[in-house]
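Asker: Got a structure for you, written out below as structure tokens; questions coming shortly.
The values are calculated or read from the model by the stated rules, or taken from the named source; none is laboratory data. Keep in mind that this is a model prediction, so the values were computed, not measured. Reconstructed Cβ throughout: ideal geometry from the backbone, glycine too, with neighbour counts over all protein chains shown. Side chains included, ligands, DNA and RNA excluded: accessible areas come from the protein's heavy atoms. Shrake-Rupley method; radii C 1.70, N 1.55, O 1.52, S 1.80 Å.
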Amino acid sequence: MPWLCRDCFETGPSEDGVDSVCPDCGSTRVIVHDELDTLSIAHIDCDAFYASVEMRDDPSLNDKPVLVGGKGGRGVVMAANYDARKFGCRSAMPMFKARKLCPQAVIVRPDMKKYSIAGREVRALMLSTTPLVEPISIDEAFLDLSGTEKLHRASPAETLARLAQQTEKEIGVTVTVGLSHNKFLAKIASDIDKPRGFSIVGTEETLTFLDHQPVSKLWGVGKALQRKLHADGFNEIGSLRTCSEEFLVKRYGSIGTRLHRFSTGNDHRRVNPDGNRKSISSESTFSDDVRSPDALIKHLWPLAEKVAARAKMAELSGRVITVKLKTDRFQIRTRRRTLPDPTQLAEVIWQTGAELVRKEAQGDAYRLIGIGISDFSSAMFADPLDLGNPDGGRVKAIEQTMDNVRARFGDGAIKKGRGFKQAKTPIKIDGTSR
């Protein structure tokens with residue numbers, strides 16, 4: 001059976017008798033698998049990414065439970081390192097709950113700019129390995145290493161092990177690798193042995209492996225569908241294979257086709273370098289409930305700036321603006337508007353969102369607000385000049401000037417007045433009531 005040491009990259013055939021210790025360097029980080037040299041679809045996930053970056057930059061945090069997120073009463077955990085996870089802390093958990101579980105945890109406010117830089121560095125290393133990289137988020141991606149054996153003079157598994165080591169040494173964050181024959185299985189594999197893991201799901205073992213995986217691992221199965229599946233007696237993925245596709249579609253709707261396909265380990269999706277990003281958004285939870293439309297709109301401005309900055313970084317523009325509001329009773333309300341042309345300007349995003357907020361906010365109390373863009377186009381199509389709207393060109397020129405100043409002197413070098421004081425009613429920048 002082929003084996004690979006993840007520390008010295010020594011490899012060998014089964015007759016060498018390697019089980020769990022590398023005969024060359026003595027490392028116990030040895031992978032042994034029948035299909036080690038033939039699988040090429042991978043999912044790479046950075047380990048507790050935000051927390052790892054903070055620990056990299058502040059060594060005093062090492063060996064301590066670390067939570068990244070807001071410190072306020074309604075703050076949310078954005079990342080929990082593995083020391084904090086031992087106490088039950090996890091991402092998306094309310095911070096007050098995480099602090100009860102682990103009162104000794106160090107809480108660090110997030111620095112998205114720093115994480116974005118580290119994420120781009122990780123992505124650059126991936127792209128140096130293969131051009132077929134499909135980003136899923138700032139800290140994870142699918143990779144297809146088919147045909148890279150001659151380029152790297154190594155199997156995909158060895159190349160991935162070297163990439164993991166390079167990422168840890170050069171960027172200071174660790175990653176976990178899942179390797180299989182399709183994206184669905186590679187994603188599940190990357191969750192098996194965190195942190196610094198490397199797990200393989202081969203073709204021959206696919207059905208046996210899925211027999212013991214919970215249905216929650218299926219892409220698209222949220223909590224509501226998970227409860228319904230459990231109520232129907234489907235707890236493991238393999239149990240879905242006892243039903244026909246027709247039955248699953250009739251019972252669960254169109255997702256039934258996916259449930260049937262994945263239960264058999266089939267996934268024909270290719271690794272798409274263009275990615276499948278659906279939206280760019282940002283949201284904020286208030287310390288106290290907010291009722292005033294003007295106050296809500298004031299909170300909307302920095303979020304619009306973040307969305308615009310991320311769109312510009314990704315070289316994308318969007319035609320659909322969506323505002324998200326969560327009431328004090330945890331009801332989520334979304335309102336959206338489609339623009340005549342795609343945009344990546346914070347001013348346009350904010351003004352459109354502000355109008356949506358004014359129509360929706362009619363006295364209810366809200367605990368959260370968010371805004372995002374979707375229906376993407378290339379940045380080259382963003383905010384075209386309109387002779388019928390001379391103010392549009394001025395708005396674009398002003399924002400580009402501000403971006404240039406920030407690029408040279410830092411994000412805090414220049415701000416609009418509404419970033420410091422109560423927001424006023426937005427001025428329409430064209431005749432389309434955007």
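Asker: Past 28 Å, Cα to Cα: identify those pairs from LYS223/LYS324; LYS71/LYS278; LYS113/LYS326; LYS150/LYS183; LYS71/LYS298, in the order given.
Answerer: LYS71/LYS278
Asker: Further question: Which order do you get for ILE369, ILE255 if you rank them by accessible area with a 1.4 Å probe, largest at the top?
Answerer: ILE255, ILE369
Asker: Over the chain, give the accessible area per residue in Å² for a 1.4 Å probe, as an integer.
Answerer: With the other protein chains kept in place, the chain gives 50 Å² per residue.
Asker: Another question about this same structure. What lysines could a cross-link reach from LYS194, if we take a straight Cα to Cα line under 17 Å and drop same-chain neighbours fewer than 8 places away?
Answerer: Of all the lysines, those that pass the test against LYS194 - Cα under 17 Å, at least 8 places apart if same chain - are LYS86, LYS217.
Asker: Evaluate the range 33-91: find the radius of gyration of its Cα atoms, find its Kirkwood radius, and give the ratio Rg to Rh.
Answerer: Details: Rg = 15.7 Å, Rh = 13.3 Å.
Answer for the range 33-91: 1.18.
Asker: So, in Å, what gap is there between the alpha-carbon centers of the range 245-298 and the range 141-212?
Answerer: Each part's Cα centre sits 24 Å from the other's.
Asker: Right, next: Which of LEU145, ASN81, LEU67 sits farthest toward the positive end of the charge dipole of the range 1-156, with +1 on the Cβ of Lys and Arg and -1 on the Cβ of Asp and Glu?
Answerer: In the range 1-156, that residue is LEU67.
Asker: Identify the trypsin sites (Lys or Arg not before Pro) of the range 244-295 meeting these criteria: DSSP loop state and at most 15 other C-beta atoms within 10 Å of the C-beta.
Answerer: Taking the range 244-295 and a limit of 15 other Cβ atoms within 10 Å, the loop trypsin sites (Lys or Arg not before Pro) found are ARG269, ARG270, ARG277, LYS278, ARG291.
Asker: Sticking with this one: Mind running the shape call on the range 1-62? Use the C-alpha gyration tensor, a ≥ b ≥ c as the square roots of the eigenvalues: rounded below 1.5 for a/c, prolate if a/b tops b/c, oblate otherwise.
Answerer: Details: a/c = 4.29, a/b = 1.90, b/c = 2.26.
In terms of gyration-tensor shape, oblate.
Asker: Here is a further query. Of the peptides 131-142, 179-190, how do they stack up when ordered by the mean number of other Cβ atoms within 10 Å, highest first?
Answerer: 179-190, 131-142
Asker: In addition: Mind listing which trypsin sites (Lys or Arg not before Pro) in the range 65-151 are in a DSSP loop and have 16 or fewer other Cβ atoms within 10 Å?
Answerer: LYS71, ARG74, LYS86, ARG90
Asker: Once all Cα-Cα distances of the chain are split into 10 Å bins that start at 0, what whole-number percent is in each one?
Answerer: Taking every Cα pair in the chain, the percentages come to 4, 17, 25, 27, 18, 7, 2, 0.
Asker: Given +1 on the Cβ of Lys and Arg, -1 on the Cβ of Asp and Glu, and no further charges, what dipole in debye does the chain carry about its Cα centre, rounded to the nearest 20?
Answerer: On the way: 65 positive and 57 negative charges, 569 e Å.
Result for the chain is approximately 2740 debye, rounded to the nearest 20.
Asker: Share of the range 92-172's accessible area from carbon and sulfur, percent, 1.4 Å?
Answerer: Ligands and nucleic acids excluded, carbon and sulfur reach 55 percent.
Asker: While we're here: How long are the semi-axes of the ellipsoid equivalent to the range 155-213, from square roots of 5 times the Cα gyration tensor eigenvalues, in whole Å, largest first?
Answerer: The three semi-axes for the range 155-213 are 24, 12, 7 Å.
Asker: If you don't mind, another one. Ranked highest first by average number of other Cβ atoms within 10 Å, how do 153-162, 193-202 line up?
Answerer: So the order, starting with the most tightly packed, is 153-162, 193-202.
Asker: Which value, in Å² rounded to 10, gives the accessible area of LEU151 with a 1.4 Å probe and all protein chains present?
Answerer: The accessible area comes out at roughly 130 Å².
Asker: Moving to a separate point now. Return an integer: the convex hull volume of the alpha-carbon atoms of the range 199-301, in Å³ per residue.
Answerer: 204
Asker: Going Cα to Cα from LYS250, which aspartates and glutamates come in below 19 Å? Please leave out same-chain ones fewer than 8 positions away.
Answerer: Candidates past the 8-residue exclusion: ASP232.
Asker: On a 1.4 Å probe surface of the protein chains, which of TYR82, TYR50, TYR115 comes out largest in accessible area, and what is the full order?
Answerer: TYR82, TYR50, TYR115
Asker: Name the shape class, rounded, prolate or oblate, that the alpha-carbon gyration tensor gives for the range 31-144, where a ≥ b ≥ c are the square roots of its eigenvalues, rounded holds for a/c under 1.5, and otherwise prolate holds if a/b is larger than b/c and oblate otherwise.
Answerer: prolate
Asker: Would you list, by chain and number, the aspartates and glutamates whose Cα falls below 12 Å from the Cα of LYS187, excluding same-chain residues fewer than 8 positions away?
Answerer: ASP45, GLU140, ASP267
Asker: Using a 1.4 Å probe and ignoring any ligands, DNA or RNA, find the accessible area of HIS212 and quote it in Å² to the nearest 10.
Answerer: Rounded to the nearest 10, that gives 140 Å².
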